[in-house]
Amino acid sequence: MQTIDNFNFAGKKAIVRVDFNVPLDENGKITDDTRIRGALPTLKKILADGGSLIVMSHMGKPKGKVNAKFSLAQIKDAVAAALGVAVEFAPDCAKAADKAAALKPGEVLLLENLRFYPEEEGKPVGIEKDDPAYDAAKKEMKARQKEFAKTLASYADCYVNDAFGTAHRKHASTAVIADYFDADNKMLGYLMEKEVKAVDNVLSDIKRPFTAIMGGSKVSTKIGIIENLMDKVDNLILCGGMTYTFAKAQGGNVGCSICENDKLDLALDIIKKAQEKGVNLVLGTDCVAADAFSNDANTQVVPANNIPEGWEGLDAGPETRKLFAEAIKGAKTILWNGPAGVFEFDNFTAGSRAIADAIVEATANGAFSLVGGGDSVACVNKFGVADKVSYVSTGGGALLEAIEGKVLPGIAAIKGE
Ligand code: AMP
């Protein structure tokens, strides 16, 4: 597989898929530029080599229509400032051939939002899946998607994918475009390489013991990951709202805690599988229960399987926090996805904080720790420890699918799988 380090971009035009889907305020000002900063190493390497850049991204969900609210023109100046060079803008991403052809080494062209074209996502528009004409519409859209990808590809000599956040999507710019470049002229960017390496550290190149912490609200959304991890981990901590589905499945009283009554058998099955595979399954024994879903609710610490009527478990209790910390501190590989409580409320952060502190300690002692998938990233940011763990993933859905063991189309397209 070609790599960005081995490739000399001198005199070449590179089309780079980045994730510039940055949050904007009501005046179109960027409120968090993490994603732009994340792509800089790749973009700068290409310019430093003497290449020119055609940068493409999506922003928001314009659903295949032009919408000024999602125009990348709003971020052009910020991209220019971050790169330290002027940036030319192409207001129609599918009609940028002339601007691309005019690019000289060291110059940058930013394309308008790819998702202004339905071809980017490749989903038929205005027709429901149960419509008899849906299959034909889908086929037609897939053909149009190929044409769209071919047009984008025609702007450049080589293709770089550095958008991990969309790597789980088979879109024109994330996967289909790769068909129009031979193996020597397509590669992953630095951010993608880092994400792939981090996932590899927890799925293949595992140093033991390996502790995975899965939290969040529901078992149902995490089941694929739990099943894939069951064959790999030594300790599996299941926390957050999931705690109460497990407690109820084992005959406990969970008051009005979040609980998936249709997943009780699944919970028992997970407990059984853990026993069969010799995985140390760590579930909460006590919890901080509240009399309302509110930061200001009254609270009491009660057993996680004996919560009074009218009360709900919103955080891990003190005994549970110790159990979690013990399973984390001795680990050499750690994966954390999902909070241990309703961390958005300051009074229910203790469980997630205990996990974060233990991960920081283990990392300082040489463990590899990967934190990713939405809310756990918000947790490490809230607690100010993002730079004290080994890697914080930039990809929500993409990371979760990778951990489930799924092949990500954006990566497969480069690898030629
Ligand atoms: P998920 O998107 O499934 O990872 O879930 C994240 C959400 O789970 C966060 O918004 C948390 O507030 C929520 N959560 C964690 N623990 C609980 C709990 N005990 N009860 C209700 N929600 C919870």
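The values are calculated or read from the model by the stated rules, or taken from the named source; none is laboratory data. Here the structure is a predicted model, which means the values were calculated and not measured. Cβ: placed from backbone, ideal geometry, glycine included. Neighbour counts: every protein chain shown.
Of note:
- The condition (being buried (at least 24 other Cβ atoms within 10 Å of the Cβ) and among the hydrophobic types (A, V, I, L, M, F, W, C)) is satisfied by just one residue among V233, V282: V233.
- Meeting the requirement of 2 or more residues that are under 24 Å from Y190 (Cβ atoms), the helices (runs of 4 or more DSSP H) wholly within segment 337-417 are 375-382, 397-403, 409-415.
- Of the residues making up segment 42-80, those that are part of a helix (DSSP H, G or I) and within 18 Å of L24 (Cα to Cα) are A68, K69, F70, L72, A73, Q74, I75, K76, D77, A78, V79, A80.
- Extreme residue, surrounded by the most Cβ atoms within 10 Å (Cβ to Cβ), among residues of segment 310-345 that are among the acidic types (D, E) and within 12 Å of the ligand (Cβ to nearest atom): D315
- Residue match in segment 277-293 (condition: within 25 Å of the chain's Cα centre (by Cα), within 12 Å of the ligand (Cβ to nearest atom) and among the β-branched types (V, I, T)): no
So that you can scan it fast, the table gives a plain yes or no per residue for (1) crowded, with 24+ Cβ neighbours inside 10 Å; (2) in a helix (DSSP H, G or I); (3) free of Cβ contacts under 8 Å to residues at least 24 places away in the same chain; (4) not small (G, A, S):
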residue: K194; (1), (2), (3), (4): no, yes, no, yes
residue: K197; (1), (2), (3), (4): no, yes, yes, yes
residue: N201; (1), (2), (3), (4): no, yes, no, yes
residue: R208; (1), (2), (3), (4): no, no, no, yes
residue: I213; (1), (2), (3), (4): yes, no, no, yes
residue: S217; (1), (2), (3), (4): no, no, no, no
residue: I225; (1), (2), (3), (4): no, yes, no, yes
residue: N228; (1), (2), (3), (4): no, yes, no, yes
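- Test: residue in segment 10-30 that is among the β-branched types (V, I, T), under 27 Å from H168 (Cα atoms) and surrounded by fewer than 13 Cβ atoms within 10 Å (Cβ to Cβ): no
- Any pair with Cβ under 9 angstrom, 6 or more apart, that starts in segment 331-346 at a residue that is touching a residue at least 12 places away in the same chain (Cβ under 8 Å) and among the basic types (K, R) and ends at one that is in a loop (DSSP other than H, G, I, E, B) and more than 7 Å from the ligand (Cβ to nearest atom): K332/I206; K332/K207; K332/R208; K332/P209; K332/N365; K332/G366; K332/A367
- For the condition crowded, with 19+ Cβ neighbours inside 10 Å, modelled with pLDDT of 90 or more, touching a Gly at 6+ places or on another chain (Cβ under 6 Å) and not basic (K, R), S393 qualifies.
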